[in-house]
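Since the structure comes first, as structure tokens, the remarks are kept for the end.
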Amino acid sequence: MKITYTGRQVDFPPAQLEKLQGLFSKVAKLLDSKGDCEAHVRLSHERHLHHAEVTVNYHNHALVGLGSDAEAFTALHEAVLKLETQAVKVREKWRDGKRVTGPKEKLKETA
């Protein structure tokens, strides 16, 4: 998964970056087995509050996870977790969609 960061420049320690990469790879597995997805991360800071917004396009649907917290890492972690729940819901919708086997007349003739 390609991740693009925009907005406020925040440097995370290596341990936190590994944890974020793990979360993003989990979301990539849910969305696309090839890992060709792109995530756009927007970080902003307002007074004592950090805002994080993660956007991923999946089958022409924009999945957006928002998170806010006093720390930038926690806000981004919260946004990725919300994105993960959205990805699970969309994946279930695609998987459990109605499938039509064919006209009923042909089925009756074969039986």
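The lone criterion from (1) assigned to a helix (DSSP H, G or I); (2) more than 9 Å from the chain's Cα centre (by Cα); (3) exposed (fewer than 15 other Cβ atoms within 10 Å of the Cβ) left unmet by Phe73 is number (3).
Checked against the criteria, Phe12 does not count as surrounded by 15 or more Cβ atoms within 10 Å (Cβ to Cβ), under 15 Å from Gly67 (Cβ atoms) and either touching a residue at least 40 places away in the same chain (Cβ under 8 Å) or in contact with a His (Cβ under 9 Å, 6 or more places away or on another chain) (or both).
Looking only at residues of region 46-61 that are under 17 Å from Ala75 (Cβ atoms) and either loosely packed, with under 15 Cβ neighbours inside 10 Å or in contact with a Phe, Trp or Tyr (Cβ under 7 Å, 6 or more places away or on another chain) (or both), we find that the one that is modelled with the highest pLDDT is Leu49. You will find that of Leu31, Leu20, Leu43, Leu66, the residue that is in contact (Cβ under 8 Å) with a residue 60 or more places away in the chain, surrounded by 15 or more Cβ atoms within 10 Å (Cβ to Cβ) and in contact with a strand residue (DSSP E or B) (Cβ under 6 Å, 6 or more places away or on another chain) is Leu31 and no other.
Just checking, how many residues over region 12-42 are under 15 Å from Ala79 (Cβ atoms), under 11 Å from the mean Cα position of the chain (by Cα) and of a type outside the set (A, V, I, L, M, F, W, C)? Result for region 12-42: 2.
The values are calculated or read from the model by the stated rules, or taken from the named source; none is laboratory data. Since this is a predicted model, take the numbers as computed values, not measurements. Note that each Cβ is placed from the backbone with ideal geometry, even for glycine, and that neighbours are counted across all protein chains shown.
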